Amino acid sequence: MPESTQSTCNEKVFDDFFRSHSRQLRSYLYYKFGDLEQAEDMVQEAFIKLWNHCAKVPIEKAKSFLYTTATNIGISHKRHETVKFKHKNYIKQRKSDTTNESPEFVMLEKEYMEKLKEAIAALPDRQREVFLLSRIDKKTYKEIAALSNVSVKAIEKLMHKALVSLRKKIGNI
Amino acid sequence: MLDDREENIFLSRWLNNELTDEELADFKADPEYKHYQKLVTATDTLELTSYNMDTALHTIKSSKKTVAKSPKVIKLWSFAAIAASIAILIGVFMWHPQENFTTVVGQQMAVKLPDGSEMMLNATSTASFDKKDWENNRTVTLEGEAYFKVKKGSTFTVVTPQGEVRVLGTQFTVQAYPTLFEAICYEGKVQVSNRNQQTILTAGNAYRNINDQIIEQWDVLDTTPSWIHQASTFRSIPVQYVFDTLEKQYHITIDAKQLDSDLRYTGTFPNNALDIALKTVCSTLGMQYTISADGKTVVVEKQ
C-alpha cells in the first residue's frame, strides 16, 4: 500500500513535525521536570516512540501522542529521583536585545537576575511551568491550558499566584 | 488585587493587557506596581540555552535506522549510498595520476615500478604508467627503448605506438621507434602483438619489424641487452638505425648523405667512447668520418 504523503511514517512529514515541535516539547519537559538535559533525552525518546508507532498515529494526533508519551516518560523518571529545578547554565539572559529593554532594565544588577532565577526555581511545579511557558515561550493561556488539559481560568489563577510568589520571594532588592 | 486568593487572576489579566483603564491606573498608583513591572521585564529577557535540533534529529534517525521499520527509509539510505558509490567510482576513473619518466640524449634511467619490477630506460625515451591502478593494470606506455625485469604477477604490458608486448615471463627489451619495432626476450616468455599478428618469444628469441614490412626473428645469446653494459649491439640492422643510435648516445649529428640505405650493420660499439664507437662502425662499413671543430657534427663518407 503506498504511503500517503501525510503519513507520520513519511520521512519528510516526520522531519517537519520534529522541527516544528521538538523545541517546544523540550521547554515543556524542562519546566515540568526541572532538568534541561534530561528533557532533551526525553524528547528523543518520545520522538523515537512516535516513529515506531507512526503507522498507528496519524499526523493530526501526533502532537498529543508526543506530549502524553513524553510526560509519561518524565513521570516514570521522576518516580526514581526527586529533581530540584535546575537553572544554572540552562536559563540565561538574552545577549542580543538587552539594549532594546527599558533603561531601568539595563541598570538591573546581576544580583537581581540571580535572585529572580532562584525564585523561579523555588516556585511550586505547576506555577513555574505555567509562568515559564507564558513568559519565556510566549504561549497564550489558551495554548498552555490545552497542553495540560485544564481550563484557561486555571492557568490564569496559576499565573497570578506565580507572580505573587515571585514577588514575595525576591523582596525589595 | 495583589493577594493570592484562589480566585484571583488580576496579574494574569494585567499581563494580557486585559485590565480596564481604571484598574490599570489604580495598579500604577500602587507602590507594588514597579516591582511587578521589573519582575516581568527581567523575566522577559530570559531564554533557554540553545537547542541543537539537527543533532537531536540525527540521533533519532540513527536509532530509527537500527529499528529499520520503514522500507522507505532504507530506500532513501541506499539511494544515498549508491549515489555516493557512483561519485567515488567516477572520481577513481577520472583521476588517474600518470607517472612519467623521460631520458635525454646519453642518459639512462632505472625506474622501480610499484610492484618492485624494474624498468631501465635507454637514451631519449619516455615511459609512463599509472601508479594508482598498478595493482590491477600493469601497463607501461613507452616511446623509445627500455629493458624490463618483471616481477611475477598479473599480465605486464608495454604499450607503444608501434605495437604491444605482453609479458608472460620475465626479462625483455622493447625498441619502439617510428619505423622500427624490436623486442628481445632474455628470460621467460613474451607475446608480441604487431599489426594484428601475435608472436610468442621465448628466452633468447628476438623479433623485429622494420618499416612495418619486414618481420624478422632470430636468436640471441646475450642474457641482458648490451646497452645495460654501456654498449650498443646490432644484428643486421639498416645502417640508419646505427647512426640514430650514435646520435642518441653521444648527442651529435651525423651527416651521412651518400649512404646506401640498404646497407646493414652487425656489431657492437661502446656508448661511452665516441672515437672508438665511430671507428668501430665506420671501419666495418668501409667508411671514414670527420668530427667538426665543436664536436657536434660528424661527417661520414665513403672511403
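Bear in mind that the values in this text are calculations on the coordinates, not laboratory data. Since we're looking at a predicted model, the values are computed, not measured. All Cβ positions, even for glycine, are placed from backbone atoms using ideal geometry, and neighbour counts span all protein chains on display.
For the set A:Lys56/A:Lys153; A:Lys88/B:Lys38; A:Lys56/A:Lys86; A:Lys12/A:Lys84, the pairs lying more than 29 angstrom apart at their alpha carbons are A:Lys56/A:Lys153; A:Lys56/A:Lys86; A:Lys12/A:Lys84. Taking other C-beta atoms within 10 Å as the exposure proxy, B:Cys282, B:Cys185 rank B:Cys282, B:Cys185 from fewest upward. Inter-chain Cβ neighbour count for A:39-49, averaged per residue, equals 3 (cutoff 10 Å, partner chain atoms only).
In whole angstrom, how far apart do the alpha carbon centroids of region B:218-271 and region B:1-37 sit? What the calculation gives is 114 Å, centre to centre.
Sort B:208-221, B:18-31, B:145-158 for me by packing, meaning the mean count of neighbouring Cβ atoms within 10 Å per residue, highest on top. Walk me through the numbers on the way to the answer.
Numbers: B:208-221: 13.2, B:18-31: 11.6, B:145-158: 19.1.
Put in order of decreasing packing, that is B:145-158, B:208-221, B:18-31.
For chain B, compute Rg over Rh where Rg is the Cα radius of gyration and Rh is the Kirkwood radius from the inverse mean 1/r over Cα pairs. Rg divided by Rh gives 1.60. When the P(r) is computed for region B:166-237, the part past 19 Å accounts for 29% of the Cα-Cα pairs. Listed values for region B:221-228 are Karplus-derived 3J(HN,Hα) couplings in whole Hz (6.51 cos²θ - 1.76 cosθ + 1.60, θ = phi - 60°), namely 9, 4, 9, 9, x, 5, 5, 4, and x replaces Gly and Pro. For B:Lys257, a cut-off of 19 angstrom between C-alpha atoms picks up these lysines, skipping any fewer than 8 places away in its own chain: B:Lys248, B:Lys279, B:Lys296, B:Lys302. To the nearest ten degrees, helix B:71-94 and the longest principal axis of the Cα atoms of chain B are 30 degrees apart.
Just tell me how shielded A:149-161 is by partners: mean number of partner chain Cβ atoms within 10 Å of each residue's Cβ, no decimals. Don't skip to the answer; put the middle values down first.
On the way: counts 0, 0, 0, 2, 3, 1, 2, 10, 7, 2, 7, 15, 7.
Mean partner shielding for this stretch: 4.
Is there a simple number for the mean count of other chain Cβ atoms within 10 Å of the Cβ of residues in B:53-60, and what is it? Write out the running numbers ahead of the final one.
On the way: counts 6, 1, 2, 9, 7, 0, 6, 12.
The shielding value for this peptide is 5.
Using only C-alpha positions, report the orientation-averaged shadow area of the convex hull of the protein assembly as shown, nm², one decimal. The Cα convex hull of the protein assembly as shown, projected and averaged over all directions, gives 42.7 nm².
Peptides B:135-141, A:33-39 ranked from most to least packed, by the mean per-residue count of other Cβ atoms within 10 Å: A:33-39, B:135-141. The fraction of Cα-Cα pairs per 10 angstrom bin, counted from 0 for region B:155-303, comes to 11, 38, 32, 16, 3, 0 percent, rounded to whole percents.
The fewest-to-most ranking of A:Ile59, A:Ile120, A:Ile91 by surrounding Cβ atoms within 10 Å reads A:Ile59, A:Ile91, A:Ile120. Between A:Glu81 and B:Thr55, the distance separating the two model label sites (each 7 Å from Cα on the Cα→Cβ line) works out to 1.9 nm. Cys residues of the protein assembly as shown that find no other Cys beta carbon under 4.7 Å: B:Cys185, B:Cys282. Round to the nearest 10 and give me the degree value, 0 to 90, for the angle of helix A:125-135's Cα axis relative to the longest principal axis of chain A. Tilt relative to chain A: about 90 degrees.
Counting only alpha carbon atoms, the long axis of helix B:53-67 and the longest principal axis of chain B meet at about 70°.
Electrostatic tally near B:Glu247: other residues with Cβ closer than 11 Å to its Cβ, Lys and Arg +1, Asp and Glu -1, net 0. Fully extending the segment from B:Asn136 to B:Val299, taken as 0.36 nm per residue of separation minus the present Cα-Cα distance, adds 53.7 nm.
Sorted from greatest to least, the principal axis extents spanned by the alpha carbons of chain A come out as 66, 37, 31 Å.
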